[in-house]
Amino acid sequence: MMSKLKITRTIGTAALALGMCATAAAPVLAQGANSPLNIPANPVMFGKNDPNVRRATAIVNGEIVTGTDVEQRLALIISANGNKITGEELERLRMQVLRNLIDETLQIQEAKAADVPADDGQVDATYDRVATQNFGQSPEAMEKYLARIGSSSASLKRQIRGELAWQNLLRRNVQPFVNVSEGEVTEMMQRLQASKGTEEYRIGEIFLAATDVNKTQVFANAEKIVEQLKGGGSFVAYARQYSEASTAAVGGDLGWIRLAQLPAELGAAATGMAPGQLAGPIEIRGGFSILYLIDKRQVLTADPRDALLSLKQISIEFPKGLNNDTAGRKAAEFAAMVKTIKGCGDAETQAAKIGATVVANDQIKARDLPGALQETLLALPVGQTTPPFGSIEEGVRVLMLCGRDDPQVTSGPSFDQLMAQIEDDRVNKRAQTYLRDLRRDAVIEYN
């Protein structure tokens, strides 16, 4: 699937600052020679623009976005990131939340004007599903949880209303006008077959737009985001709030792509990355990108990690307060016992001799295991075990491979699936243009 179009999030019509050249330098064109903007090379600003003055609320086409709206939505994000966001990072996030709420308000307003709003039944049903599936709670318990973290069910329901209203609007005003021919789909399928065996990457991206004027500041912001991500922050959450690409709504997920489909700088950075790794900030045309490698695979080739494994876990636990020397001797005894096991049928008998525990799992995919264990188990013959692993606190264990069902070779997406992918991509691009036009035409007052 092709990577998504990047759209800079600019609210309203840009107001150009009046400036005078400090020297006799000739005016230059902004954003390339084809731009109609005539901006001096060394503008002098009249009046002071204080970046420390934060405007926390806004009126969008007459509808108020309150400080409470911002704080309650912000509380959801802070909770999702383990309450680790503080200081300057928190202020940047607060302003991003305000921008998101403005977009959300525009979407709800446009859907209402087109007579396709999200009704209360849709919103309540989606809220109940989110509570159950995403948080594992009843709607009532979810409401208490939201209040406890400083948010509210009303805030989450408003976000849901915005997303549903936007979907309704796209189905009405965009999807009917997106056409994909059978020839296009057939050509895409032929290209997939021709690329069989080549590597595909599933990549997440956070894109931050930058100009020559603010490049240094944007790069510093990107570095701080990377630092937060390396500290355990959710990539999906950060992409939703910070990314200025069209994929922000899906957590920055570009889908399955080949590196040749990326800008050269990003393709070079992604080469050699392992799943779970970050790269960036990487300077590209128009700004900076942060990449996260979600996964990789070979086109139309069975992935060994999709093998279904039958495993037995054999483990011993150490008493509390056990010293390292005694624990080491017990671990050595355990390792020696494991070597005497003659296949999975003998595991329980041998384990009982030293008080070890055996737990079986016959339905686990290799890809659901930690990376190091994946490689070890996929290389094991049936009836053999991994090396012992663990700690004094958690005990020592091994995994014994009792069976393996290899995945079938995939034939790739069907004709209908591929057509749907192309349609979705085109709808997404038009949706971004639609939202950009709503921002441009909106009347927005900041308080």
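For the stretch 328-345, the set of residues classified as open to solvent by less than 70 Å² (accessible area, probe 1.4 Å), under 12 Å from MET400 (Cα atoms) and part of a helix (DSSP H, G or I) consists of VAL338, CYS344, listed by residue number.
Elements of the type helices (runs of 4 or more DSSP H) sitting completely within the stretch 206-318 and holding at least 1 residues that are touching a residue at least 60 places away in the same chain (Cβ under 8 Å) and open to solvent by 20 Å² or more (accessible area, probe 1.4 Å): these cover 215-230, 235-242. Annotation for the stretch 159-176: at least one member residue is farther than 20 Å from ASP69 by Cα and not in a helix (DSSP H, G or I).
Does ASP325 satisfy the condition of being in contact with a Leu (Cβ under 9 Å, 6 or more places away or on another chain) and open to solvent by 50 Å² or more (accessible area, probe 1.4 Å)? No: the conditions fail for ASP325.
Out of curiosity, is THR357 surrounded by 13 or more Cβ atoms within 10 Å (Cβ to Cβ), β-branched (Val, Ile, Thr) and either modelled with pLDDT under 85 or under 30 Å from GLU199 (Cβ atoms) (or both)? Let's see the steps before the verdict.
Values: surrounded by 13 or more Cβ atoms within 10 Å (Cβ to Cβ): yes; β-branched (Val, Ile, Thr): yes; either modelled with pLDDT under 85 or under 30 Å from GLU199 (Cβ atoms) (or both): no.
Here the answer is no, as THR357 does not meet what is asked.
Residues in the stretch 414-447 that are modelled with pLDDT of 85 or more, open to solvent by 70 Å² or more (accessible area, probe 1.4 Å) and under 15 Å from LEU170 (Cα atoms): how many? Total meeting the criteria: 3.
For the stretch 181-194, state whether one or more residues are over 25 Å from ASN83 (Cβ atoms), out of contact with any Gly (no Cβ under 9 Å at 6 or more places or on another chain), outside any helix (DSSP H, G or I) and open to solvent by less than 40 Å² (accessible area, probe 1.4 Å). Let's see the steps before the verdict.
As a first pass, look at the stretch 181-194 and keep what is over 25 Å from ASN83 (Cβ atoms): 181-194.
Those left that are additionally out of contact with any Gly (no Cβ under 9 Å at 6 or more places or on another chain): 181-188, 190-191, 194.
Next, from what is left, pick out any that are outside any helix (DSSP H, G or I): 181.
If we keep only those that are open to solvent by less than 40 Å² (accessible area, probe 1.4 Å) too, we end up with none.
No; the residues of the stretch 181-194 include none that is over 25 Å from ASN83 (Cβ atoms), out of contact with any Gly (no Cβ under 9 Å at 6 or more places or on another chain), outside any helix (DSSP H, G or I) and open to solvent by less than 40 Å² (accessible area, probe 1.4 Å).
The values are calculated or read from the model by the stated rules, or taken from the named source; none is laboratory data. Since we're looking at a predicted model, the values are computed, not measured. Every residue, glycine among them, receives a Cβ derived from its backbone with ideal geometry; neighbour counts consider all protein chains shown. Calculation scope for accessible area: heavy atoms of the full protein, side chains included, ligands and nucleic acids excluded. Shrake-Rupley method; radii C 1.70, N 1.55, O 1.52, S 1.80 Å.
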